[in-house]
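Undergrad: Mind having a look at this structure? Questions to follow.
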Amino acid sequence: MPIEPPFPQFPRLPTIRPERHLPAVLVAAVAVLLGGSLVRCFYTVGPESVGVVQRFGRYLRTVDPGLRFRFPFGIDRVTIVPVKRQLKLEFGFGSPGSSNPDQVSNEQARESDMVTGDLNAAHVEWVVQYEIHDPAAYLFNLREPGPTLRDLSESVLREVVGDRTVDEVLTIGRQGIENEAIERLSSLVGELAMGLRVQQVQLKNVHPPAAVRHSFEEVNRAQQEREQRINQANGEYNKVVPRARGDAQRRLSEAEGYAVKRVNEAEGDVARFRAMLEQYDKAPEVTRQRLYLETLSDVIPKLGGKIVLDEDAKQLLPLLNLQPTRPAK
């Protein structure tokens, strides 16, 4: 009898010969490689940026925003530079969530402590705002343009603050410090061809040292109160003085009008007296009688009730029947 094998027999699989399937695998690998390379040939430049293209490490051109093509396999290398974005550097403090790696320093306390021209200490916090206007110069002229700009900004501001007194730094000299700092910093950036444009240097918080901060705050408060009192006095002056000048002008006008009136009345009286004198010279008695009658006609109506008695009347009886006369209607 035939002896059965102890295990079940499985059907024998066909032998795969590598030499038959090797070309297909190579074709598929090449196709995948070419497809991936073709995808990597295209890239996109954002609306606020430009692309700096290098071919074999050498600068080739700068491309505008949009969909662009490049040679793969490391032949072309593209660096995206945000030329339309306003960048800033913060000194003495740091805003959270900043996207610029050079915006905040790890030595905020050290970079904000300065010495003024009169050998006093001051704590200065400031911001430098800038933009990239030449991407090629920004990438290739200096190895680290961001840290270099930080060092230049700190050096310039220390020099400007060192030329002023502590009172100027803390109170009235802030605008002058900002203007001089941006002028000097822009000059240095242009000399080094960094490809940057400094837009603004702005002082944020300027404080005296902690040991004397309270005294300086009291001085500032007194100066502010002084300016407030001066402004109030000027306002009161501007309100009272014009009113007084207007009253004076009105009274002068009234006096001039009264003077003209009195002069005209006096001249009229003189003319009337001369005319009367002329008539008096011609007929003195007639003129005198006429003046007497005219005067009585003016005076008698003002006397009210009048009683005319005979000189020879000596009795009281005629006076008893007198009745008050009624005014004529």
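Undergrad: Looking at THR148, is it buried (at least 17 other Cβ atoms within 10 Å of the Cβ), on the phi < 0 side of the Ramachandran plot, out of contact with any Phe, Trp or Tyr (no Cβ under 9 Å at 6 or more places or on another chain) and polar (S, T, N, Q)?
TA: So THR148 passes the test.
Undergrad: Which members of the stretch 91-120 meet the condition of being surrounded by 16 or more Cβ atoms within 10 Å (Cβ to Cβ) and under 15 Å from ARG158 (Cα atoms)?
TA: Residues satisfying the conditions are PHE91, GLY92, GLU111, SER112, MET114, THR116, ASN120.
Undergrad: Looking only at the stretch 70-112, count every residue that is on the phi < 0 side of the Ramachandran plot and in contact with a helix residue (DSSP H, G or I) (Cβ under 9 Å, 6 or more places away or on another chain) and tell me the total.
TA: Qualifying residue count for the region: 17.
Undergrad: Shifting gears a bit: I want to confirm something. Restricting to the stretch 180-219 and keeping residues that are farther than 22 Å from PHE91 by Cα and touching a helix residue (DSSP H, G or I) at 6+ places or on another chain (Cβ under 7 Å), which single residue is surrounded by the fewest Cβ atoms within 10 Å (Cβ to Cβ)?
TA: The residue in question is ALA193.
Undergrad: Which condition from (1) closer than 24 Å to GLN108 by Cβ; (2) in contact (Cβ under 8 Å) with a residue 60 or more places away in the chain is the one that GLY195 breaks?
TA: The one condition GLY195 does not meet is (1).
Residue by residue, here is whether (1) under 25 Å from VAL212 (Cα atoms); (2) among the hydroxyl-bearing types (Ser, Thr, Tyr); (3) not assigned by TED's automatic domain parsing to the domain that holds ARG61 holds:
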site	(1), (2), (3)
SER99	no, yes, yes
ASN106	no, no, yes
TYR130	no, yes, yes
PRO135	no, no, yes
TYR138	no, yes, yes
GLU178	yes, no, yes
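Undergrad: Would a scan of the stretch 45-54 turn up a residue that is part of a loop (DSSP other than H, G, I, E, B), at pLDDT 90 or above and more than 17 Å from PRO135 (Cβ to Cβ)?
TA: So far as the stretch 45-54 goes, no, none of its residues is part of a loop (DSSP other than H, G, I, E, B), at pLDDT 90 or above and more than 17 Å from PRO135 (Cβ to Cβ).
Undergrad: Output the qualifying pairs, or none if there are none: Cβ atoms under 6 angstrom, residues six or more apart or on different chains, first residue in the stretch 270-299 and surrounded by 11 or more Cβ atoms within 10 Å (Cβ to Cβ), second residue of a type in the set (Phe, Trp, Tyr).
TA: Filtered contacts from the stretch 270-299: THR287/TYR280.
Undergrad: In a loop (DSSP other than H, G, I, E, B) and over 30 Å from THR62 (Cα atoms) - does that describe any residue in the stretch 147-164?
TA: The answer is yes, given that some residue of the stretch 147-164 is in a loop (DSSP other than H, G, I, E, B) and over 30 Å from THR62 (Cα atoms).
Undergrad: Being under 25 Å from the mean Cα position of the chain (by Cα) and buried (at least 16 other Cβ atoms within 10 Å of the Cβ) is the filter here, so list the residues in the stretch 79-90 that pass it.
TA: Correct list: LEU87, LYS88, LEU89, GLU90.
Undergrad: One residue is enough: does the stretch 223-238 have a residue meeting the conditions at pLDDT below 85 and either part of a helix (DSSP H, G or I) or farther than 30 Å from ASP167 by Cβ (or both)?
TA: Yes, because at least one residue in the stretch 223-238 is at pLDDT below 85 and either part of a helix (DSSP H, G or I) or farther than 30 Å from ASP167 by Cβ (or both).
Let's see how each residue does on (1) assigned to a helix (DSSP H, G or I); (2) farther than 30 Å from LEU60 by Cα; (3) touching a strand residue (DSSP E or B) at 6+ places or on another chain (Cβ under 6 Å); (4) basic (Lys, Arg):
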{"position": "VAL128", "(1), (2), (3), (4)": "no, yes, yes, no"}
{"position": "GLU178", "(1), (2), (3), (4)": "yes, yes, yes, no"}
{"position": "ARG184", "(1), (2), (3), (4)": "yes, yes, no, yes"}
{"position": "ARG197", "(1), (2), (3), (4)": "no, no, yes, yes"}
{"position": "GLU218", "(1), (2), (3), (4)": "yes, yes, no, no"}
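Undergrad: Can you tell me which residue is farthest from GLU48 (Cα to Cα) among those in the stretch 61-115 that are part of a loop (DSSP other than H, G, I, E, B) and acidic (Asp, Glu)?
TA: Residue satisfying both the conditions and the ranking: GLU107.
The values are calculated or read from the model by the stated rules, or taken from the named source; none is laboratory data. Since we're looking at a predicted model, the values are computed, not measured. Here the Cβ is made from the backbone with ideal geometry for all residues, glycine too, and neighbour counts use every protein chain on show.
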